[in-house]
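Shown next, in structure tokens, is the structure this report addresses.
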Amino acid sequence: MSGSAAKIKVPRGTFDVLGEDAAARAAVESRARALLEGAGYERIETPAFEATELFARGVGASTDIVQKEMYTFADASQRSLTLRPEGTAPVCRAYVEHGMHKRRQPVKLWYLSSFFRHERAQAGRYRQFWQVGAEALGSEDPAVDAESIALLAHLLGDLGVAPVRLRLSSLGSPAARAEYREQLQRHLRAHEDRLSQDVRARIDLNPLRAFDSDHPATRAVLESAPLLRDFLVAEDAAHFAEVRAMLDAAGVPYELDPTLVRGLDYYTRTVFEFTSEKLGAQSGVGGGGRYDGLVEQLAGPPTPGMGWAAGIERILLAGPAAPPAAVAPDLFVAFEAVTEARHAPRVAFVLLAEARAAGLTAQMELAGRSLKGQLSHANALGARYVAILDPDGAAALKDMAAGDQRTLPADAVVHAVLRAQHAL
Ligand code: AMP
């Protein structure tokens, strides 16, 4: 190792997960698992990288993600691969690849994975981030939409993410959207000189994204723009009305927002987004919608789909403070002196193994501390009991809460701790 070597840090927009952050994430994951598996969603884990073609075709060539945010590279065989920027296209790829249309529909899958986007890194916006997501494939019943949205509302509520707003809209079918797009383009072109450069540049490629702009003159132009909801065909309008009625019946509050445009091309019909005021500029906690054409676009059978993803970092930023990171041991194994070879006596290791086999959480001294140092270390760990072994096979078992101590054979320690726990 060279003394002059520069320190190596994580790449910009990425971070290590440790300590309380790791504990808080584990709590989110366990709540998500309980809720989603209880609702019949099965866990899926797709590869961290996929053929670039999947996202180009699935997410849409005109989206920000595909245009500028993907980590794309050629591997040694010159195949173009991309670190997954989102989870829906991979889940649909897996649905097709595993012939899941032959299973009982809808197929309900959930994931918690990390995703990669080359974004401008800031608080709440990273280049590797984690999402929990849920996708239901194979049914266009509006109950699927309502259940999916209600599950995310439930999860955010359970995790203490508040206050959240739910914005809801319908994008209708691709045909209605194409017609609307043309009308919107006409409107934007008629007022082109007042639009931000960004919006002007996207009139041809992605005019709907104009609604995401916070440029004041652009917003003024949009006030008189045609709205997609006026283009919905009767079937889509009825589908959306049923989704709303079910959310009303279930007591899930929402606001209709006809300007809600999600940044991905695959959405049809229902779209939604949860935002939290606690997050400032990056206010999106999670969102999703229906994507009835996506599986077919990926060469699968015509299959409707509906799902969402929520950012773990945003959930943690908008939720309550993290729980304590470390698990306090039931038993800490200490000993009077290190051996002549300056390592822990084997009998301590045996006791540690016995304690774990009996279901106790246990740790032992591993750093050659003095006995005083071991006790203070056990105290810092929050150990409930400390067994201090002596070379003759006896142990002093110290109750760290009560402060009292008694002597017993080393092989009776685990039983004594279990009995004491039972008596508590
Ligand atoms: P999207 O796939 O863009 O709809 O993102 C769904 C959710 O993932 C968002 O609401 C955020 O909570 C989260 N998210 C998206 N991009 C990022 C990012 N770059 N960093 C952190 N969280 C993100």
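Throughout, read-outs are computed from the coordinates displayed, never taken from laboratory work. The structure presented is a predicted model; accordingly, all values stated were derived computationally and were not measured. Cβ sites come from the backbone with ideal geometry, for glycine too, and all protein chains shown count toward neighbours.
Using R0 = 22 Å, the C-beta based FRET efficiency linking residue 407 and residue 381 works out to 0.45.
Computed over the stretch 331-423, the P(r) curve from all C-alpha pair distances, binned at 5 Å from the origin, holds 3, 15, 29, 28, 18, 6, 1, 0 percent per bin. The residues neighbouring residue 298, those whose beta-carbon lies less than 12 Å from its own, together hold a net charge of -2 under the Lys/Arg +1, Asp/Glu -1 convention.
Taking 16 Å as the straight-line reach from the Cα of residue 68, the aspartates and glutamates in range (excluding those fewer than 8 positions away in the same chain) are 53, 86, 119, 198, 265.
What is the ratio of the Cα radius of gyration of the stretch 280-338 to 2.2 N^0.38 Å, with N the residue count, to two decimals?
2.25
Output the 0 to 90 degree angle, nearest 10, between the alpha-carbon long axis of helix 371-381 and the longest principal axis computed from the alpha carbons of the chain. Tilt of helix 371-381: around 30 degrees.
Binning the C-alpha pair distances of the stretch 1-60 at 10 Å intervals from 0 yields a P(r) profile of 15, 21, 33, 21, 8, 2 %, listed from the shortest bin outward.
Between residue 418 and residue 250, the distance separating the two model label sites (each 7 Å from Cα on the Cα→Cβ line) works out to 4.5 nm. Structural size metrics of the stretch 378-424, computed from C-alpha coordinates, are Rg and Dmax of 10.5, 31 Å. For the listed peptides 42-50, 297-305, 88-96, a ranking on the average number of other beta carbons within 10 Å per residue, highest first, reads 88-96, 297-305, 42-50. Within the chain, all pairs of alpha-carbon atoms sorted by distance into 20 Å bins from zero give the percentages 22, 42, 24, 11, 1.
For the chain, what's the relative contact order in percent, using C-alpha pairs closer than 8 Å and at least 6 residues apart?
16 percent
In the chain, the longest principal axis of the Cα atoms and the axis of helix 142-158 are about 40 degrees apart. Build a GNM of the chain with springs between Cα atoms under 10 Å apart, and of 405, 105, 197 the one that fluctuates most is 405. What you get for the stretch 249-336, charging only the Cβ of Lys and Arg (+1) and of Asp and Glu (-1), is a dipole of about 220 debye around the Cα centre.
Helix-only arithmetic for the chain: the sum of -39500 (n - 2.57) across DSSP H runs with n ≥ 4, divided by the residue total, places the mean residue ellipticity at 222 nm at -10500 deg cm²/dmol. Mean-square fluctuation check for the chain, GNM, Cα pairs under 10 Å: which of 328, 341, 51 is largest? Looking only at 328, 341, 51, the biggest GNM fluctuation is shown by 341. Once the chain from residue 233 to residue 158 is taken as fully extended at 0.36 nm per residue, the excess over their C-alpha distance is 23.3 nm. Compared with the alpha-carbon gap, the fully stretched path from residue 369 to residue 165 is longer by 68.1 nm at 0.36 nm per residue. Projecting the Cα positions of 334, 387, 362 onto the charge dipole of the stretch 331-423 (unit charges on Cβ atoms of Lys, Arg, Asp and Glu, taken about the Cα centre) puts 362 furthest along the positive direction. The alpha-carbon of residue 372 sits under 15 angstrom from the alpha-carbons of these aspartates and glutamates, leaving out residues fewer than 8 places away in its chain: 336, 390. Here's the picture: charge each Lys and Arg Cβ at +1 and each Asp and Glu Cβ at -1 in the stretch 21-113, and of 109, 51, 39 the one pushed furthest to the positive end of that dipole is 39. Applying 0.36 nm per residue to the separation of residue 74 and residue 190 and subtracting their alpha-carbon distance, the gain on full extension is 37.5 nm.
Taking a point 7 Å from the Cα of residue 214 along the Cα-to-Cβ direction, none of the residues of the stretch 307-334 has its backbone N closer than 12 Å to it.
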